[in-house]
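Peer 1: Got a structure for you, questions after.
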Amino acid sequence: MAELTNLESKLAEVLGLAEAAKGSVEQVKGMLDEQEKDLDATLGRMHDEAAETAERCLAVAGGFDGKKTAIVEAARETKQEATEMMKTYLEGEDDALDGFEFLTMAEAGEVGHWAIVKKFNERAGLSAVSELVGWALPVQEQHLDVVLKTSLELAGREDPNEIAD
């Protein structure tokens, strides 16, 4: 397998995180109760944007001569690790707040990874990566904003003095 540069390795990670995000969003959708079904559309949009992010990452990965397979393989490992983290965190949970707390952590991680891709590319100067980051980083920042606000809204609906499950 081809050796990956730091930039290529980080591209693989954001690809894997985007792939994992699709599953995380679906998991959280399943945790919504009837009063929270209004969040379906938001989660659906996040799912679609994660899918588009993955597609765009794959397109850019194809531009790295002879390294697309290695990038995809590294992405698969990241996706598996992120999915395991989700399963561990949400195991036995069925409350939307727990789901959105997890999404807050996951989206913060994605924002951080995209910022690193951007930083690496400041020196690498690859136009395809600049274009990808210019699209993806604002999307991830918006996702983080939405899930954090939703977490706080859901927390505000709960009695802080109630015994936790």
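The values are calculated or read from the model by the stated rules, or taken from the named source; none is laboratory data. Note that this is a predicted model, so its numbers are computed, not measured. Cβ placement follows ideal geometry from the backbone for every residue including glycine, while neighbour counts extend to all protein chains displayed.
Peer 1: Any residue at all in the range 74-97 that is of a type in the set (Val, Ile, Thr) and within 17 Å of LEU144 (Cβ to Cβ)?
Peer 2: No.
Peer 1: Sticking with this one: Picking from GLU73, GLU158, GLU81, GLU91, which residue would you name as being within 16 Å of LEU39 (Cβ to Cβ) and either in contact with a Leu (Cβ under 8 Å, 6 or more places away or on another chain) or of a type outside the set (Gly, Ala, Ser) (or both)?
Peer 2: On the way: GLU73 fails: within 16 Å of LEU39 (Cβ to Cβ); GLU81 fails: within 16 Å of LEU39 (Cβ to Cβ); GLU91 fails: within 16 Å of LEU39 (Cβ to Cβ).
It is GLU158.
Peer 1: Here is a further query. Go through LEU137, LEU126, LEU152 for me and flag whichever is surrounded by fewer than 19 Cβ atoms within 10 Å (Cβ to Cβ), farther than 30 Å from ALA61 by Cα and of a type in the set (A, V, I, L, M, F, W, C).
Peer 2: LEU152
Peer 1: Being under 20 Å from GLU26 (Cβ atoms) and of a type outside the set (D, E, K, R) narrows it down to one residue among VAL60, VAL139, VAL129; which is it? Lay out the reasoning, then the answer.
Peer 2: Values: VAL60 fails: under 20 Å from GLU26 (Cβ atoms); VAL129 fails: under 20 Å from GLU26 (Cβ atoms).
Result of the check over VAL60, VAL139, VAL129: VAL139.
Peer 1: Just a yes or no: is a residue in the range 25-47 in contact with a Phe, Trp or Tyr (Cβ under 7 Å, 6 or more places away or on another chain), closer than 28 Å to ALA164 by Cα and either buried (at least 17 other Cβ atoms within 10 Å of the Cβ) or free of Cβ contacts under 8 Å to residues at least 40 places away in the same chain (or both)? Lay out the reasoning, then the answer.
Peer 2: The first filter runs over the range 25-47 and keeps only residues in contact with a Phe, Trp or Tyr (Cβ under 7 Å, 6 or more places away or on another chain), leaving 28.
Next, from what is left, pick out any that are closer than 28 Å to ALA164 by Cα: 28.
With either buried (at least 17 other Cβ atoms within 10 Å of the Cβ) or free of Cβ contacts under 8 Å to residues at least 40 places away in the same chain (or both) added as a condition, the list becomes 28.
The answer is yes, given that some residue of the range 25-47 is in contact with a Phe, Trp or Tyr (Cβ under 7 Å, 6 or more places away or on another chain), closer than 28 Å to ALA164 by Cα and either buried (at least 17 other Cβ atoms within 10 Å of the Cβ) or free of Cβ contacts under 8 Å to residues at least 40 places away in the same chain (or both).
Peer 1: OK, next. Do you know which residues across the range 73-102 are of a type in the set (Val, Ile, Thr) and surrounded by 15 or more Cβ atoms within 10 Å (Cβ to Cβ)? Reasoning before the result, please.
Peer 2: First pass over the range 73-102, keeping only residues of a type in the set (Val, Ile, Thr): 78, 83, 88.
The answer is THR78, THR83.
Peer 1: Oh, and also: Could you say which residue among ALA2, ALA20 is closer than 27 Å to VAL129 by Cα and modelled with pLDDT under 95? Explain how you work it out, then say what you get.
Peer 2: Numbers: ALA20 fails: modelled with pLDDT under 95.
Checking each option against the conditions leaves just ALA2.
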